[in-house]
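One structure below.
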Amino acid sequence: MSGRHQDPEQVIRDWLADTAPDRAPASLRETLDAVTTRPAGHARLGPRIAMPSFRLAGGMAAAVAILALVASSAYLYGTSRATPSAPGTGGSPSVSAGTSARTTTGSPPSITPVAGTGWQMASGVLPQLASDGGTYPYRSPVFALGADGFVAFVPTAKGVSRGSQARPGALAAPVQSSDPTAPATPYEIRVYTSADGLSWRQVAVLPGDGATVRSMVYSGGRVVVVGSVSDLAAKSETPTAWSSTDLASWDVTRMPAPEHTGAYGVAAGTSGFLAYGQSLTDTVFWTSPNGIDWTRISTTGLPADFPGDELYAVPGGYAIRGFDKDRAAVWQSSDGATWKETWTGPAPSGIEFYALGKPLKAAGGGYVSFGAAGSGGGPAAEPLDIVIWAGTDLIHWTVAARVKSPGWIADYAAVSGGYVAAAAQPASLDAGAVPWGSLGVWTSADGKSLTSVKGLPSIPGIAVLSVVSDGTHAVVVCADQDGHIQLLVGTGLE
């Protein structure tokens, strides 16, 4: 990657200055620029590859199920039913004048250039993640605001300061309780913004204790976030939407739905917003003209037990990708109520299946998706191959290439000149292995050949939560088993 390095000393000075509350600028762009335009050197596959819902009989179904379990170790670990890859258009949200940005104190951040590259590793720039327990305790907190930088929704234990850093070389025990009835640690969702992925400023605390953020869309100057709010005492969750035009003040809506329902995805179309979630028995959809007022709608055309994987906007409406029995598929709708299956991927070849990943705009026009191909039959000794899908639109896909995977590709993003993919490289790829390992990052100019980024720090016990990009900066979001966030940030291909 190319571009000027951040001055670590100045970043620390900025961070110290950020610990004193001051009046927020009048616009989000000013807020983002403010943290990266001060003197002294400032410049400005896996979690989103779904596994099929197989309905095969006998040994073949068992074999594929084993493979799906292995592959899902990366999928379940990530952002979980992640956000659409192409945010809506519109002006950047503005932080209201006179709003005091809340800040916290703690250990100063550490930003270290990766020798011989344009990458930089940032540690302690965001708070330690709070865990809700389970084998895969963390979701990625970082999302892109189109070309306007990044926003992070960080679940943070109340009273914990920013800047908590990982112990170098430490491999912590998994963050999960041995007692499933043990109460979760109280936490809050803190909202941070950044223009470059390195310098972060807290601007709000998301309303609602026990909140979980699962998806975000940015359209027409408005940020809409969906997820759920949990009632720990009642052991239930309520689907919830948050909406803001300034990232400092938020409208909160509890979306109408049966008990034990969570919202997993949101997209912005020409007529407003569409969100979907999952109850104990079926898939639930909601529409909103403004991201604030939500109405539950009935749907037709989707499989009865359709779980969904990713919802995104297309010209004239919406699309959702997932699996129809044993193969990848895409459904399209103009209003979110009536759906039609418009594309079905190739059937399994023997016990080898094919998965579609999240769609990205291709450098030469059209769209590209990094999917997967693999076969079952027992514990997988090798990662899934990467299948490169090409599409002239966001609905129909053909196989453009098949690449031997260098490791589990957890996520990928488009940057200037190509693509960046990343994954943890676990010591064991046996079925059911938790995907903690060393960090691997690859770049590609054409999506068909991958080049490993050399010289990355040796950090055992890391997991890649996501790869996000604002078109200029790529941010590889990582966490260790204690929930300490580490960000690898660059500005293009090497």
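The values are calculated or read from the model by the stated rules, or taken from the named source; none is laboratory data. A quick note: this is a predicted structure, and the numbers were derived from the prediction, not measured. Cβ sites come from the backbone with ideal geometry, for glycine too, and all protein chains shown count toward neighbours.
Within segment 206-220, can you find the residues that are buried (at least 18 other Cβ atoms within 10 Å of the Cβ) and more than 20 Å from the chain's Cα centre (by Cα)? Scanning segment 206-220 gives a single hit, Gly208. When segment 331-347 is filtered for residues that are in a loop (DSSP other than H, G, I, E, B), buried (at least 20 other Cβ atoms within 10 Å of the Cβ) and of a type outside the set (Phe, Trp, Tyr), the ones remaining, listed by number, are Gly336, Gly345. Within segment 98-117, count every residue that is crowded, with 19+ Cβ neighbours inside 10 Å and modelled with pLDDT of 90 or more. Here the count works out to 2.
Condition check ((1) under 27 Å from Ser140 (Cβ atoms); (2) out of contact with any strand residue (DSSP E or B) (no Cβ under 7 Å at 6 or more places or on another chain); (3) surrounded by fewer than 18 Cβ atoms within 10 Å (Cβ to Cβ)) across all residues:
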{"residue": "Arg254", "(1), (2), (3)": "yes, no, yes"}
{"residue": "Ala257", "(1), (2), (3)": "yes, no, no"}
{"residue": "His260", "(1), (2), (3)": "yes, no, yes"}
{"residue": "Thr270", "(1), (2), (3)": "no, yes, yes"}
{"residue": "Phe273", "(1), (2), (3)": "yes, no, no"}
{"residue": "Arg296", "(1), (2), (3)": "no, no, yes"}
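Of Ser177, Ser199, Ser131, Ser164, all but one fail to be modelled with pLDDT of 90 or more and either buried (at least 24 other Cβ atoms within 10 Å of the Cβ) or within 16 Å of Gln481 (Cβ to Cβ) (or both); the exception is Ser199. In the set (1) under 24 Å from Ile388 (Cα atoms); (2) crowded, with 24+ Cβ neighbours inside 10 Å; (3) modelled with pLDDT of 90 or more; (4) touching a Leu at 6+ places or on another chain (Cβ under 7 Å), Leu465 fails one condition alone, (4).
Among the residues of segment 134-151, the one identified as more than 23 Å from Asp470 (Cα to Cα) and either at pLDDT 85 or above or among the β-branched types (Val, Ile, Thr) (or both) is Thr135. Might you check whether a residue that is within 24 Å of the chain's Cα centre (by Cα), of a type in the set (D, E, K, R) and farther than 18 Å from Trp242 by Cα occurs anywhere in segment 294-308? The answer is no, given that none of the residues of segment 294-308 is within 24 Å of the chain's Cα centre (by Cα), of a type in the set (D, E, K, R) and farther than 18 Å from Trp242 by Cα. Assess whether Thr287 counts as being in contact with a Leu (Cβ under 7 Å, 6 or more places away or on another chain) and either farther than 17 Å from Val213 by Cβ or not in a loop (DSSP other than H, G, I, E, B) (or both). It is true that Thr287 is in contact with a Leu (Cβ under 7 Å, 6 or more places away or on another chain) and either farther than 17 Å from Val213 by Cβ or not in a loop (DSSP other than H, G, I, E, B) (or both). Within segment 307-342, the set of residues being of a type in the set (Gly, Ala, Ser) and more than 22 Å from Gly262 (Cα to Cα) comprises Gly316, Gly317, Ala328, Ala329, Ser334.
Candidates Asp393, Asp326: the one that is modelled with pLDDT of 90 or more, surrounded by 15 or more Cβ atoms within 10 Å (Cβ to Cβ), touching a Pro at 6+ places or on another chain (Cβ under 9 Å) and among the acidic types (Asp, Glu) is Asp393.
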